[in-house]
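Please read the structure below before turning to the comments.
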Amino acid sequence: MLTDFLALTNDIIQAIIVIFGTAVVLYNLPYVRENRVSRTYSLLLGAVVIVFLTELLVSRVRLVGSAENWLTFKWLGITFVPAIQFHFSDALLVTTGSRSTRRRAIEFVCYLISFTFFLLVISTDLIVNAVIETPNAFHLRATAGFYAFAVYFWAVSVASIYNVVRAYQ
């Protein structure tokens, strides 16, 4: 009974995130071509919307094969969030007048690493593998490579936060 209530609450919160995230992305569309901050913010929200939308869809799936497909697709958003975060933080710094070719190079490397992790997720079992079925939820099992991704995710997140603080100052 409590697990059903929590699962429903989780679905409602995920739906709210998807609706509001999509609305903000659609609102920003007229500004995407001319404003780098708006463009990267919309990319970041798009990646987050992909993650929450697929999680919401997985909560309604009953077949393990379908759940595995959606959970694998969810990694498109998950793997690119760090690179887009760094891109967004760089865009904020550029608006303050701080241009850096080194940051742009790091941004490019982050996108390459994210793309590599995504390829590893869809083609191997190095990052995640078999679907775990729990009441009201499906998940992919983390493997040894997942921890390398987690280190990458947090390192780039910390660097992005540092850049945002610098832009604020």
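Please treat every number below as a calculation from the coordinates, not as lab data. The shown structure was predicted, so the numbers you read here are calculated from the model rather than taken from an experiment. Cβ atoms come from the backbone with ideal geometry, glycine included; neighbour counts cover every protein chain shown.
Data overview
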read-out: Segment S66-L2, extension gain: residue separation times 0.36 nm, minus the distance between their alpha carbons; value: 20.4 nm
read-out: Nitroxide proxy distance, nm - points 7 Å out along Cα→Cβ at S100 and A130; value: 4.5
read-out: Estimated vicinal HN-Hα couplings, Hz - the stretch 50-62 in sequence order (Karplus 6.51, -1.76, 1.60; Gly, Pro = x); value: 4, 4, 6, 5, 5, 5, 5, 5, 5, 5, 9, 7, 10
read-out: Net lengthening on full extension, Y168/W154 (0.36 nm per residue, minus Cα-Cα); value: 3.0 nm
read-out: The stretch 23-169: relative contact order in percent, alpha carbon pairs under 8 Å with at least 6 residues between; value: 24
read-out: Between 0 and 90°, nearest 10: helix 2-28 axis offset from the chain longest Cα axis; value: 30
read-out: Amide H contacts of I132 (H built 1.01 Å from N, under 5 Å, at least 5 apart or other chain); value: H139, L140, R141
read-out: Spin-label model distance (nm) - V24 vs A142, 7 Å beyond Cα toward Cβ; value: 2.6
read-out: Helix 64-95 vs. the chain, principal-axis angle (Cα, 0 to 90°, nearest 10); value: 20
read-out: Cα-projected label distance for V109 with I161, points at 7 Å along beta-carbon direction, nm; value: 2.1
read-out: Using θ = phi - 60° and Karplus 6.51 cos²θ - 1.76 cosθ + 1.60, couplings along the stretch 105-111 (whole Hz; Gly, Pro as x); value: 5, 4, 4, 4, 4, 4, 5
